[in-house]
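Report on the structure given below.
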Amino acid sequence: MPKLCESSIEIMAIEELQSLGYTYIAGVDLAPESGERQSYGDVLLMGRLKAALVKLNPALSADIIEGAFRKLSRIATSNLLADNEEFHKMLVNGIPVEYRKDGDIKGDFVQVVDFDNPLNNEFLVVNQCTVVQNNNNKRPDVILFVNGIPLVIFELKNPADENATCHKAFDQLQAYKQAIPALFTYNEICIISDGLEAKAGSLTVSYSRFSAWKTKDGMCEAPKFTDELSTLIHGLCTPATLIDYIQNFVTYEKSQTEDKVTQVIKVETVKKIAAYHQYYAVNKAIERTIQATKSDGTKKAGVIWHTQGSGKSLSMVFFAGKIVRCLNNPTILIINDRNDLDDQLFDTFAENSELLCQPPKQADSCEDLKTLLKVASGGVVFATIQKFIPDNNDSIYELLSNRDNIVVIADEAHRTQYGFDAKIKDIKDENKQVIGQRIAYGFAKYIRDALPNATFIGFTGTPVEKQDANTPAVFGDYIDIYDISQAVEDNVTVRIFYESRLAKVNLTEEGKQLIEQFDKELDEIGEDDEATAAKMKWAKLEAIVGSDERIEILASDIVSHFEDRQKVFTGKAMIVAMSRRIAAKLYKQIIKLRPDWHDDDLSKGAIKVVMTLISSDKPEIQKHHTTKSQRKALALRLKDENDPLKIVIVRDMWLTGFDAPCLNTMYIDKPMKDHNLMQAIARVNRVFKDKPGGVIVDYIGIATNLKKALGFYAESGGKGVPTETH
């Protein structure tokens, strides 16, 4: 092959792409005089695009094709991201057109790409293609055209130049976005490489969100010193993979934010694309689900274990979006075991509803759930598992649908309430007096009663313990594992460091013994527990942990530690308290030390308490009451690195599924263990700018339980440690 340019990495990339079936054209051969483009300002290869539209839509007239072509080629507003999203809709769903037939106006879609037969499309690799816009003359290194559309752009740097890094390649793409935005109107994936590293990312994400592609086939990870660009090209750019990826693994996430000055609500969009572990895991899950839904299938698709912070919620969205296309208009039921988790996951799905081809719906009541599931087809439904409680203390739940194209997705699938086991439970009257007994089953049994032919799939951020028989019985075996070690190595999450400050606060020997003595019960009992014996044990420990002297010392140490941390690395913090009383008391003591942190206005102030309340709570606790919408506003404040809200105090809320990348410190003053502990500490493992890691500060003595958590983590096949010593 003749020398194409000075950069050997560019030649290598082109040769790799040719081996995958791409046709090579030099950029100079796409000059206007070639007939491929009318001017250097054109980023579409007009003739090739028109030919593809005619080929893929043989039933439509030339006039209709011409109208569709004009609509696709004239996407040009001042908002690049909006243009890019508009194009993506046309690419995936087809270009909407209207025409008159037999006196009536008909609607149709002109297909741009053949997603069913990837090789029925034209794939070109072009290097050094000149694009001129607003007198800016640029030549991107490599562009991949599909049916004449520039879907993928490569920016490559010379590996021999120590100053030519991946980050410099990223910066170059940002400059191109400003200089020649028309090219990025049609962009799906951006790829950067310096010959040593290679990463892929979307149009909108920061450099830290560009990620490597670690496998060529999804079966095994590439060896440590394998050429990363070659792996990425073979793994992501193979024609069939690229077409599948663009159709099912690109989303435009919408979130609402309030302008703090004008108080106007605006919608912000972020374009997100799947990381390699999400892509392969979802496709494995799709294959397993399709098999499980068949008439002779097991109805158990399996479990995906992807460690917290690695994009599990988005993987669930990608799975739901693709399974909707693969099955015959299925009903998707997503279940959680807590209201706040249900809300968080519902929000994620709602923010990515375009990928689902329908808006998700959240069941407000048991009756609403029944209505949403008693349908002939379709629907993405959210509900807490507790809504599957039979009427009138029955042991059987009513049949809602016997269709086999229903998929039940369970978040955190290892939880015990997903089981089938029967228990004897008391029946109580309105005065809470026992008047009889009934047989109660795990909720999995009731869902099976309601949806006997549904297929179950589980997603979890923590492993299934070996002795847990319920999870495999309900969901099946592991589909895919992505553990802490992989996530940290891939820079998907950051390390978590453990710091004990138990010696800084006065936890009495009695308190330490109580924690050890009741360790087994701690995840089963709490301040709302009705069992008298359990409540007495809990109250005794809570009184010790929440004593006036200890809270004063605790508040003082947290304030000084937090302020010292801010001098080193600016970030936000979460304090986990044992009870509502302690949370309120700790807040009062902290603002006594730092009065300027307090503000009665929820939109102001540096510290807030976030928790649910009950009617019997005292006034000093009640004043921290917030509504669902107010908690959502506080969540947005905490996620905003520029908002003055720096610290939140919680009891249970936001310890699972809550994602605030700028959160880098967690102060734990509540006994926790196993899954609950691992999920809680993962709140600080999100990637954020140059954040080196998250810190867990222990005031209650969780070190032993962290070691136990590591034990069952390793037993389950996971690599990496939940925390490292600070």
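Rule-based calculations on the coordinates, nothing more; no lab input. Being a predicted model, the structure only gives us computed values, none of them experimental. Positions of Cβ are backbone-derived with ideal geometry, glycine not excepted, and every protein chain shown enters the neighbour counts.
In this rough spin-label picture, where each label sits 7 Å from Cα along the Cβ direction, the residue 556-residue 357 distance is 6.4 nm. Using R0 = 45 Å, the C-beta based FRET efficiency linking residue 536 and residue 399 works out to 0.55.
Based on C-alpha pairs under 8 angstrom that are at least 6 apart in sequence, segment 649-688 has a relative contact order of 58 percent. DSSP finds beta bridges in the chain, and of those with both partners inside it, around 40 percent are antiparallel. The Cα trace of segment 269-313 gives Rg and Dmax of 13.1, 43 Å, the first to one decimal, the second as a whole number.
The label point for residue 565 and the one for residue 206, both projected 7 Å from the Cα toward the Cβ, are 1.8 nm apart. As a rough guide to protection, the peptides 89-96, 327-334, 160-167, 24-31 ranked by mean Cβ packing within 10 Å, highest first, stand as 327-334, 89-96, 24-31, 160-167. Listed values for segment 638-651 are Karplus-derived 3J(HN,Hα) couplings in whole Hz (6.51 cos²θ - 1.76 cosθ + 1.60, θ = phi - 60°), namely 5, 6, 7, 4, 8, 6, x, 5, 10, 9, 10, 10, 10, 10, and x replaces Gly and Pro. Averaging over all projection directions, the Cα-based convex hull of the chain occupies 35.8 nm² in the image plane. Only Cα sites of segment 8-248 enter the Debye sum here, all with the same form factor; the resulting log10 I(q)/I(0) across q = 0.07, 0.16 1/Å is -0.23, -1.19, listed in q order. The C-alpha atoms of the chain define a longest principal axis, and helix 339-351 lies at about 10 degrees to it. Segment 586-726 has equivalent-ellipsoid semi-axes of 29, 18, 14 Å, by the square roots of 5 times the alpha carbon gyration tensor eigenvalues, sorted largest first. Were the residues from residue 602 through residue 34 laid out at 0.36 nm apart, the gain over their Cα-Cα distance would be 198.2 nm.
The value of relative contact order for the chain, using C-alpha pairs under 8 Å at least six residues apart, is 10 percent.
Within the shell of other residues whose beta carbon sits under 12 angstrom from the beta carbon of residue 375, the net charge comes to +4, with Lys and Arg scored +1 and Asp and Glu -1.
The residue 623 and residue 270 beta-carbon pair, evaluated with R₀ = 35 Å, returns a calculated FRET efficiency of approximately 0.45. Computed on the Cα atoms alone, the convex hull of segment 71-116 gives a volume of 85 cubic angstrom per residue. Across the cross-link table entries 639/670; 670/708; 540/670; 588/646; 628/691, which are compared at the Cα atoms, the separations over 19 Å belong to 639/670; 628/691. Based on alpha-carbon atoms, the Kirkwood radius and the radius of gyration of segment 620-677 give Rg/Rh equal to 0.96.
Highest mean first, the peptides 659-668, 178-187, 625-634 sorted by other C-beta atoms within 10 Å per residue fall in the order 659-668, 178-187, 625-634. Summed over qualifying helices (DSSP H, 4 residues or more, each -39500 (n - 2.57)) and divided by its residue number, the chain shows a 222 nm mean residue ellipticity of -11000 deg cm²/dmol. Computed from the alpha carbon atoms alone, the convex hull of segment 306-369 holds 99 Å³ per residue. Summarising the label geometry, the points placed 7 Å from Cα in the beta-carbon direction at residue 642 and residue 138 lie 2.4 nm from one another.
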